[in-house]
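The values are calculated or read from the model by the stated rules, or taken from the named source; none is laboratory data. Being a predicted model, the structure only gives us computed values, none of them experimental. Note that each Cβ is placed from the backbone with ideal geometry, even for glycine, and that neighbours are counted across all protein chains shown. Note: accessible area is taken over every heavy atom of the protein model, side chains too, but ligands, DNA and RNA are not part of it. Shrake-Rupley method; radii C 1.70, N 1.55, O 1.52, S 1.80 Å.
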Amino acid sequence: MSFGGVYVAATRQHVGKTSSSLGLVAGLQRIFTGKGVGFIKPMGQSHVEHVNDDGSRVLIDKDCPLFSDLLGCRGTPTDMSPLVVPRGYTKAFVDLDDAGRARRRGEELARIRAAHGRIADDSEFVVAEGTGHTAVGSILGLNNATLATALDLPMLLVVNGGVGSAFDEFALNHALIDRTGGALAGVLVNKVAPDKIDTVRTYLGALLDRQGVPLLGVVPDRAFFSSPTVADYLRLFETDVVAPAAGDVRTRHFEAVRLACGSTAHFLRKFKRSHPATLWVIHQSRADLILALASGAAARERESGEPYAGGLVLTGRPHERYPDGMDPEIAEFVLSAASYPIFLSREASDRTVSLIDRFTAKLSVQDEVRARAVVDHYSDHVDFGLLLDRVEKHRARAAAY
């Protein structure tokens, strides 16, 4: 028997929609212990290649492996991700005539509905995760509000912490939901500063209550959840680890990022005060600082008996004398002895730090430690009883028509 489902959407990018969906699925799995909880990403943009059992290859949304591999959600990859919008898709869609666009839209919607139906038949409850904010997909006539209405799922809006700005973003997205005739199950407030939890719950809760919309949860922020791994940085800078030669360091997280400059003495003072898991940004020409880091890391390893938990980004473009980025003798000494990850950025040091500061790390199935931590954290801050009550009321209203 199916108990319905919910469609998770966001008010803007990078609010933690996938993290919230993971927490929802994990929490609902504790309630629905029979056929379990299904997951679908009706329309995806960022994608990965999946190899089927018969060797054929398909594109699926990059978030789907988190739910199938990590949480064991049922469904084939193509049912979990029935529509992927790769680069060039929207231009090709706009180039169609009116009849062609209507036909394509109808075909894609039919495919999404069929996939959702199969997952719903094999599950007790379905969590659908939208793409971006409520209006994403409008160019195809398939925005999140439209898809939620077509699948007859009430929406859960994820907003970021605060009161005024959070309510403004809610109001903007709520207007589109109303326009499409959709229903809203409630709001989940994410990434809230721990000392603002009570304020957000009291004042934003009151504002939403006046709109007839319940506050389903307030999730405290944890910096670790947005902390990139080495693998994230490698994708950002389109590079690879140059050291160490052995050991898997790609899932390592850092607690701080520091730019090293100035004199060696100044750096060593800064190093002694630094967090052990600091990612250092040093220009490749500063052999003195590179060697000072190697010396400091070795000293910490002797004191703790553990490998140094930090890392090094070597910045700047290679030059004619050292096309590999460093003096060969220094490179051989540092790279052969380092137990910490070292990788390259072809950008200047200040540009490298700026890119890191603006970078938002996305969850991936490879980073199981962070994904598991997200699951445990989020599922403890959602009022599942209230959510299921709202879903059941939506089902009752739909059945009455």
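Inspection of segment 188-200 finds no residue satisfying the criterion of being modelled with pLDDT under 90, among the basic types (Lys, Arg), under 22 Å from the mean Cα position of the chain (by Cα) and in a loop (DSSP other than H, G, I, E, B). Of all the residues in segment 66-106, those that are within 24 Å of Arg372 (Cα to Cα) and hydroxyl-bearing (Ser, Thr, Tyr) number 3. In summary, Leu207 fulfils each of the numbered conditions (1) part of a helix (DSSP H, G or I); (2) more than 25 Å from the chain's Cα centre (by Cα); (3) surrounded by fewer than 14 Cβ atoms within 10 Å (Cβ to Cβ); (4) of a type outside the set (D, E, K, R) with the single exception of condition (3). Identification of helices (runs of 4 or more DSSP H) wholly contained in segment 305-401 with 1 or more residues that are farther than 30 Å from Glu124 by Cα, open to solvent by 80 Å² or more (accessible area, probe 1.4 Å) and at pLDDT below 85 yields 328-337, 349-358.
Of all the residues in segment 228-251, those that are crowded, with 17+ Cβ neighbours inside 10 Å and of a type in the set (S, T, N, Q) number 1.
Tell me whether segment 266-287 contains one or more residues that are open to solvent by 60 Å² or more (accessible area, probe 1.4 Å), charged (D, E, K, R) and under 22 Å from Glu329 (Cα atoms). Looking for residues that are open to solvent by 60 Å² or more (accessible area, probe 1.4 Å), charged (D, E, K, R) and under 22 Å from Glu329 (Cα atoms), one finds at least one in segment 266-287, hence yes. Note on segment 63-173: enclosed helices (runs of 4 or more DSSP H) holding 2 or more residues that are among the aliphatic types (A, V, I, L, M) and modelled with pLDDT of 95 or more are 98-121, 144-150.
Residues of segment 89-105 that are open to solvent by less than 40 Å² (accessible area, probe 1.4 Å) and either on the phi > 0 side of the Ramachandran plot or of a type in the set (Gly, Ala, Ser) (or both): Gly100 alone.
The rows are residues; the columns are (1) in contact with a His (Cβ under 6 Å, 6 or more places away or on another chain); (2) in contact (Cβ under 8 Å) with a residue 40 or more places away in the chain; (3) open to solvent by 40 Å² or more (accessible area, probe 1.4 Å).
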residue: Leu70; (1), (2), (3): no, yes, no
residue: Pro82; (1), (2), (3): no, yes, no
residue: Ala110; (1), (2), (3): no, no, yes
residue: Ile119; (1), (2), (3): no, yes, no
residue: Asp122; (1), (2), (3): no, yes, yes
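Among the residues of segment 231-256, those identified as touching a Ser or Thr at 6+ places or on another chain (Cβ under 7 Å) and among the hydrophobic types (A, V, I, L, M, F, W, C) are Ala231, Phe237, Phe254, Ala256.
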